[in-house]
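Everything below concerns the one structure shown next.
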Amino acid sequence: MSSSDTIEQRKQHINDWRTSRLTRQQYCQQHGISVNTFKGWNKQVNRGEKDPIGATALLPVQIRQNATPSVAPTDPVMVYLPGGCRVACQPGQLTDVFRALKYAEA
């Protein structure tokens, strides 16, 4: 591995390391990467995962009408995710829920 690796290759290494159960040093040793270089990649990837100030991201959303048209503002909102997962939250928590989902690892 070299400093000319693409950001996608670096991200893949970071993700592989996170799921490997190896220490950073062990992972780097197995893949011939300098620990200091890898630390820099990790910082770079983490910085890149955070939105710059004022940036927005679009998430696909499908809104379905409920059988009961009147919903109180304190009624929970149900978010259906791929794979059958569901998240129930208060309407005021949606921003935090979507932010957490955006950065959650699959």
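The values are calculated or read from the model by the stated rules, or taken from the named source; none is laboratory data. What you see is a predicted model, and the numbers here were worked out from it, not measured in a lab. With ideal geometry, Cβ positions are generated from the backbone for all residues, glycine too; neighbour counts draw on all protein chains shown. Heads up: the accessible areas ignore ligands, DNA and RNA and are worked out on the full protein's heavy atoms, side chains in. Shrake-Rupley method; radii C 1.70, N 1.55, O 1.52, S 1.80 Å.
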When the stretch 35-45 is checked residue by residue, the ones that are more than 13 Å from residue 7 (Cβ to Cβ), open to solvent by less than 60 Å² (accessible area, probe 1.4 Å) and free of Cβ contacts under 8 Å to residues at least 24 places away in the same chain are 35
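I'd like to check something: does the stretch 33-48 contain any residue that is assigned to a loop (DSSP other than H, G, I, E, B), over 21 Å from the mean Cα position of the chain (by Cα) and at pLDDT 85 or above?
So far as the stretch 33-48 goes, yes, one or more of its residues are assigned to a loop (DSSP other than H, G, I, E, B), over 21 Å from the mean Cα position of the chain (by Cα) and at pLDDT 85 or above.
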For the stretch 79-103, pairs from a residue that is without any contact (Cβ under 8 Å) to a residue 24 or more places away in the chain to a residue that is of a type in the set (D, E, K, R) and assigned to a strand (DSSP E or B), with Cβ under 9 Å and 6 or more apart or across chains, are 79/86; 80/86
